[in-house]
Amino acid sequence: MRPSDAEAPAPPRSAATSDIVAREDTHTSGLYQKRRLAIVRGEGARLWDAEGNEYIDCVGGQGSANLGHGNAAVAEAIAAQARTLASCTELFYNDRRAELYSVLSRILPPDLDRVFLCNSGAEAVEAAFKFARMATKRTRIVATMRGFHGKTMGALAATWGPEYRDALGGDALFPGTAHVPFNKVEALEAAITPDTAAFVLELVQGEGGVRPATEEFAREAARVCKARGALLIVDEVQTGFCRTGAMFAIERYGIVPDALCLAKSIAGGVPMGAVAFSRAFGDLPKRSHSTTFGGNPLACAASVAAIGEMRRLDLARNARARGDQLLGGLRGIESPRVREVRGLGLLCGIELKESAGPTIKGLQDRGVLALGAGPTVVRYLPPLVITAEQVDRVVAATAAALA
Amino acid sequence: MPKCPECDADVTVGGDAVKGEIVACPDCGAELEVTETSPLALALAPEEEEDWGE
């Protein structure tokens, strides 16, 4: 502990924003571009800042808060498991982990009957790439332009953003990786070659601008992969767990990949990731991959409770209903600044003809927190418990911000 | 038809485009600013500072 830390008492929950900002800025990594807003409390789809201002949350923990804030069942499950057993590596078997496997097997396609548990979406993608390379004995990974799969070194090979890759050497750092234009079916045949280990795909590009894949593109990706002996990895880190109006977006597209990457809302806000994969991967070599915290009982208990709540509350149905309401409301806004409104379920975006920044700021000033998806898209990623009245307020705030 | 300076794809811009408007490359998604309308000219748009993790 540094002397300054020892001298400084922890800030009270109601500490003023300036105090919280100063403390964070003193020690933060500096990697994040932060808004000068200290969020201290949440309930359902609402958030409060340190000044007591209330917001409708359309950031949704960047997709990790599908269940809403302050879910009692998840909180109780976490507390109970923390008192019972928080740590237990996969050196041993564990009752909560076994329970989670059973729960996942009931919501996943039957073919995806093996699961690797980890701690984040990027970790899930890393693991899926390693498994694909080990299983196929090939090295080439094909991804899509505008795709986002994380920023760790392996996942970054598939992430498109040149702004993330160029400082690390760009394509030279990740030889054998290729990117095809999203939704261009004709590009798949040329890119997925006999030396391709895997093709990784988001069914709705999130950071890439809230762009749903066409059914034809998803179907052709599966077909070409099968024909070339490559494995299809679908990244549902953001689209999973009811976000698009089904437990997983693959249900809406009618495809079953060889591997499915999951994270964000899988454990009700507790960090967790997972790769569900099929027998096409064969037997993975013992000790070829592992993680200390993966499958820990605390996260497993949170996940069991969170998935149970998603089903009890029928969040997939609410995501469809509220998503239709939000998309309809946004499409009804008459503004020459709007180019297009698009989305699936409650993963919605409004593309502007100008920078999205001022509109996102305008929404914040009107009590709605939203996020960007590239320079021109305002992205709405609310908790799936958002109410019809709250969606109406989001639409009204958007119309006012664009007026 | 103008080309994307990032990936060389053809970029279609509406006839009602105005100076300062931002369009996306249909292939790579690069954000391009309309710097002139007659004749049409595109340049990479300034990057937004905020980002969001996986």
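The values are calculated or read from the model by the stated rules, or taken from the named source; none is laboratory data. What you are looking at is a predicted structure, and each value in this text was computed from that prediction instead of being measured. Virtual Cβ from ideal backbone geometry, glycine too; neighbours counted across all protein chains shown.
Determine, yes or no, whether A:Thr376 is away from chain B (no Cβ under 14 Å), in contact (Cβ under 8 Å) with a residue 12 or more places away in the chain and hydroxyl-bearing (Ser, Thr, Tyr). So A:Thr376 does not fit the description; no.
Those helices (runs of 4 or more DSSP H) of the range A:51-144 in which 3 or more residues are surrounded by fewer than 20 Cβ atoms within 10 Å (Cβ to Cβ) and outside the structural domain of A:Ala16 (by TED's automatic domain parsing) occupy A:72-84, A:95-107, A:121-136. When the range B:40-54 is filtered for residues that are modelled with pLDDT under 85 and more than 10 Å from chain A (Cβ to nearest Cβ), nothing remains.
Residues in the range B:4-23 include none that are of a type in the set (A, V, I, L, M), closer than 16 Å to A:Leu352 by Cβ, at pLDDT below 85 and within 9 Å of the chain's Cα centre (by Cα). Scanning the range A:229-244 for residues that are buried (at least 24 other Cβ atoms within 10 Å of the Cβ) and either outside any strand (DSSP E or B) or within 10 Å of the chain's Cα centre (by Cα) (or both) returns A:Ala230, A:Asp235, A:Glu236, A:Val237, A:Gln238, A:Thr239, A:Gly240, A:Phe241, A:Cys242, A:Arg243, A:Thr244.
Of the listed requirements (1) among the charged types (D, E, K, R); (2) in contact with a Ser or Thr (Cβ under 9 Å, 6 or more places away or on another chain); (3) within 16 Å of B:Cys28 (Cα to Cα), A:Arg211 misses just one: (2). Only residues that are part of a helix (DSSP H, G or I) and either modelled with pLDDT under 95 or buried (at least 21 other Cβ atoms within 10 Å of the Cβ) (or both): list them for the range A:285-300, please. Answer for the range A:285-300, where residues must be part of a helix (DSSP H, G or I) and either modelled with pLDDT under 95 or buried (at least 21 other Cβ atoms within 10 Å of the Cβ) (or both): A:Leu298, A:Ala299, A:Cys300. Any residue at all in the range A:251-266 that is surrounded by fewer than 24 Cβ atoms within 10 Å (Cβ to Cβ), more than 15 Å from A:Ala198 (Cα to Cα) and either in contact (Cβ under 8 Å) with a residue 60 or more places away in the chain or not assigned by TED's automatic domain parsing to the domain that holds A:Leu298 (or both)? Looking through the range A:251-266, at least one residue is surrounded by fewer than 24 Cβ atoms within 10 Å (Cβ to Cβ), more than 15 Å from A:Ala198 (Cα to Cα) and either in contact (Cβ under 8 Å) with a residue 60 or more places away in the chain or not assigned by TED's automatic domain parsing to the domain that holds A:Leu298 (or both). Being over 18 Å from A:Thr387 (Cβ atoms) and modelled with pLDDT of 95 or more holds for only one residue in A:Cys58, A:Cys118, and it is A:Cys118. Inside the range A:165-207, residues that are in a loop (DSSP other than H, G, I, E, B), in contact with a strand residue (DSSP E or B) (Cβ under 8 Å, 6 or more places away or on another chain) and not hydrophobic (A, V, I, L, M, F, W, C) make up a count of 7. Starting from residues that are within 12 Å of chain B (Cβ to nearest Cβ) and under 18 Å from A:His289 (Cα atoms), keep the ones in the range A:121-153 and report whichever is modelled with the lowest pLDDT. That would be A:Thr152. Scanning the range A:72-102 for residues that are within 26 Å of A:Phe281 (Cβ to Cβ) and within 20 Å of the chain's Cα centre (by Cα) yields a single hit, A:Leu100. Residues in the range A:309-336 that are of a type in the set (Lys, Arg) and crowded, with 17+ Cβ neighbours inside 10 Å: A:Arg320, A:Arg322. In this structure, does A:Ser303 turn out to be touching a Leu at 6+ places or on another chain (Cβ under 6 Å), part of a helix (DSSP H, G or I) and not aromatic (Phe, Trp, Tyr)? Answer is yes for this residue. Being of a type in the set (S, T, N, Q) and outside any loop (DSSP other than H, G, I, E, B) is a description that applies to A:Ser265.
The rows are residues; the columns are (1) crowded, with 21+ Cβ neighbours inside 10 Å; (2) modelled with pLDDT under 95; (3) of a type outside the set (Phe, Trp, Tyr).
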residue: A:Val338; (1), (2), (3): no, no, yes
residue: A:Ile350; (1), (2), (3): yes, no, yes
residue: A:Ala356; (1), (2), (3): yes, yes, yes
residue: A:Gly374; (1), (2), (3): yes, yes, yes
residue: A:Thr387; (1), (2), (3): no, no, yes
residue: A:Arg393; (1), (2), (3): no, no, yes
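Here's the yes/no breakdown for (1) of a type in the set (D, E, K, R); (2) away from every other protein chain (no Cβ under 13 Å):
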| residue | (1), (2) |
| --- | --- |
| A:Leu201 | no, yes |
| A:Gly206 | no, no |
| A:Gly209 | no, no |
| A:Glu215 | yes, yes |
| A:Lys226 | yes, yes |
| A:Gly229 | no, yes |
| A:Asp235 | yes, no |
| A:Phe241 | no, yes |
| A:Ala249 | no, yes |
